[in-house]
Amino acid sequence: MKLLQKISLKLKLTLLFGLIFTGMLVGFSYILYQEFSKLQSEEFDTTLYNYAIDVAESLDIDKYGEVEFDPGIIKVNEKILPFALGTSYISVLDINGKVIAKSSNSTFAHIMPITEYKLGRVLKKGASYDILKFKGIPHRVIHYLLPVLKIDSPLILQISVPMTSFENTKRNLVQFFLTSVPIMMFLSAIIGYFFVGRALLPMLEIINKTKKIEVSNLEDRVPFPHAKDEIWQLADTINHLLSRLQGTFASQERFIQDASHQLKTPLAIIKGELELFRSEKRTEKEMGQFFESMSQEINFLVKLTNDLLILARVDSGADSLLFTRNRLDEIVLTQTSRLSKLASQKKISLQLNFDSFENVSEDVLSISCDPDLLGVLFYNLIENAIKYSPYESTIRISGINEDDSLLVIVSDEGAGIEEDKIGKIFDRFFRIEGSSKQVMGSGLGLAICKIVADTIDAKLWAQNNQDKGTSFYFKIKKEKIS
């Protein structure tokens, strides 16, 4: 097994091809040998049977009742037979196995005793075949019932002929297989190695191209083979992987650049104000303004850091999330309560309407989620609405029980969002031009909301209201609540 692990795929496939081909060739040779032997044996027996008929017709009984042999009986008119006629051993026996007559070249060693079973077969079928070994040479023996002799009891003609030519033919066939099969195996291995190499050539091109792809050239792609086969699927899979990696690296690079920029600004402000504060003695009022400014920048840094940590936690995968059963309305109410003080600073009214949830069972309202992350989602939505709403306005938070979904709407009375930019507000670090002058933010709040919604297969989108302001919609299907 360790040896197989060290050899190349090309050689493994060649060995596999060779083993399969060898197995098929050996199996075919064995079947061919068996069928050839069977046909040769049948032909040999047929010839021997015809020879027995000729011999039987040449026999006669003299006036003393003895069987006479024709001197040329073993030549049979120079017929071409698969055995040497000069080595045919002929004898005539009665049903008790007694030798009545035999050819001059026959000895009792050439005569096979007749058993009761053999006698029954001869009397039933007219002929029977056996194998007799004489001096290590197999002989084919036929027992033939003589119907031509008119005597009181039936006689049996026994002819024994050597199977030398038959055995030589079989031996030569085996020798041919033993020689040709290894040669065919060797040739098939060479041809298989060549064709396997040709078949794996597109894979080698993919490997070489993949080795050259680095972070600096992630836009490159591996080549596709001409045939749409498994190697084509491999190339397609690698290209899709490279596309995802390219997107991930681009997103990561953009994230680092944007995060660096976002962190750089408040740090630069803090550094500048500290240097300015140290340059001369400040009044108590100026010190108060300085500490207020520092507090705002530090709060911004804390919020940005928390947002980045949340993004890192979500991006790390589902293993870092803790999913439990939580009531959707309770999470929304908790975050609304936390933001009531911020809303009161701008004299904004937070109106809650969850009447549609009153007759809904707790099982339906309870969803599988990470409660902290879902709380961040609604906290950001409501906080965003407060930031962009004018003083003494109203923010409406509604829960709607639909046929197949639960819907939460956060609607404000702000200036709204331009239609060509409303689809980009969930992108990381995206901020509408001019908004930074009025509202401090990192541009991560809505991006986090969208990512959190995706983790629980919920939908999140925004629409401008007909009169004024913007509404954010959170929707989750009931069949996904389990």
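The values are calculated or read from the model by the stated rules, or taken from the named source; none is laboratory data. Everything quoted here is computed from the prediction, not taken from an experiment. Note that each Cβ is placed from the backbone with ideal geometry, even for glycine, and that neighbours are counted across all protein chains shown.
Taking the condition of being surrounded by 12 or more Cβ atoms within 10 Å (Cβ to Cβ) and assigned to a strand (DSSP E or B), how many residues in the range 124-148 meet it? Looking only at that region, the number is 16.
Within the range 201-260, take every residue that is acidic (Asp, Glu) and surrounded by fewer than 11 Cβ atoms within 10 Å (Cβ to Cβ) and give me the one that is farthest from Leu9 (Cα to Cα). Quick ask: steps written out before the conclusion?
Here is the first cut: in the range 201-260, the residues acidic (Asp, Glu) are 205, 214, 219-220, 229-230, 236, 253, 258.
Adding the requirement that they be surrounded by fewer than 11 Cβ atoms within 10 Å (Cβ to Cβ) leaves 214, 219, 230.
On the way: Glu214: 25, Glu219: 29, Glu230: 15 Å.
Restricting to residues being acidic (Asp, Glu) and surrounded by fewer than 11 Cβ atoms within 10 Å (Cβ to Cβ), the top hit is Glu219.
Exactly one of (1) buried (at least 16 other Cβ atoms within 10 Å of the Cβ); (2) modelled with pLDDT of 85 or more is unmet by Leu187. Its number? For Leu187, the exception is condition (1). Of the candidates Phe17, Phe83, Phe44, the single residue that is modelled with pLDDT of 85 or more, surrounded by 10 or more Cβ atoms within 10 Å (Cβ to Cβ) and outside any strand (DSSP E or B) is Phe44.
Among the residues making up the range 89-108, a single one is hydrophobic (A, V, I, L, M, F, W, C) and loosely packed, with under 12 Cβ neighbours inside 10 Å: Phe108. Sub-8 Å Cβ pairs linking a first residue in the range 336-353 that is in contact (Cβ under 8 Å) with a residue 24 or more places away in the chain to a second residue that is among the charged types (D, E, K, R), at least 6 apart or interchain, are Leu339/Glu383; Leu342/Glu383; Lys346/Glu392; Lys347/Glu392; Ile348/Glu392; Gln351/Arg396; Asn353/Arg396, ordered by first then second residue.
Considering only residues in the range 261-313 that are more than 21 Å from Asn380 (Cα to Cα) and aromatic (Phe, Trp, Tyr), the one that is surrounded by the most Cβ atoms within 10 Å (Cβ to Cβ) turns out to be Phe277.
Assessment of the range 251-269 against the conditions (closer than 30 Å to Arg428 by Cα, assigned to a helix (DSSP H, G or I) and touching a Gly at 6+ places or on another chain (Cβ under 9 Å)) yields at least one matching residue.
Residues that are closer than 22 Å to Val452 by Cα and of a type in the set (D, E, K, R) number at least 2 in the following strands (runs of 3 or more DSSP E) confined to the range 317-407: 324-327. A Cβ distance below 6 Å, combined with a sequence gap of six or more or placement on separate chains, defines the contacts here; from the range 185-207, residues that are assigned to a helix (DSSP H, G or I) reach residues that are among the hydrophobic types (A, V, I, L, M, F, W, C) in the pairs Ser188/Phe21; Gly192/Phe17; Val196/Leu13; Pro202/Ile231; Met203/Ile231; Ile206/Val222; Ile206/Ala235. Is there a residue being of a type outside the set (Lys, Arg), under 20 Å from Gly469 (Cα atoms), over 45 Å from the mean Cα position of the chain (by Cα) and modelled with pLDDT of 90 or more anywhere in the range 415-425? So far as the range 415-425 goes, no, none of its residues is of a type outside the set (Lys, Arg), under 20 Å from Gly469 (Cα atoms), over 45 Å from the mean Cα position of the chain (by Cα) and modelled with pLDDT of 90 or more.
Against the condition buried (at least 17 other Cβ atoms within 10 Å of the Cβ), modelled with pLDDT of 85 or more, farther than 17 Å from Arg140 by Cβ and touching a helix residue (DSSP H, G or I) at 6+ places or on another chain (Cβ under 9 Å), how does Ser29 come out, does it pass? So Ser29 fits the description; yes.
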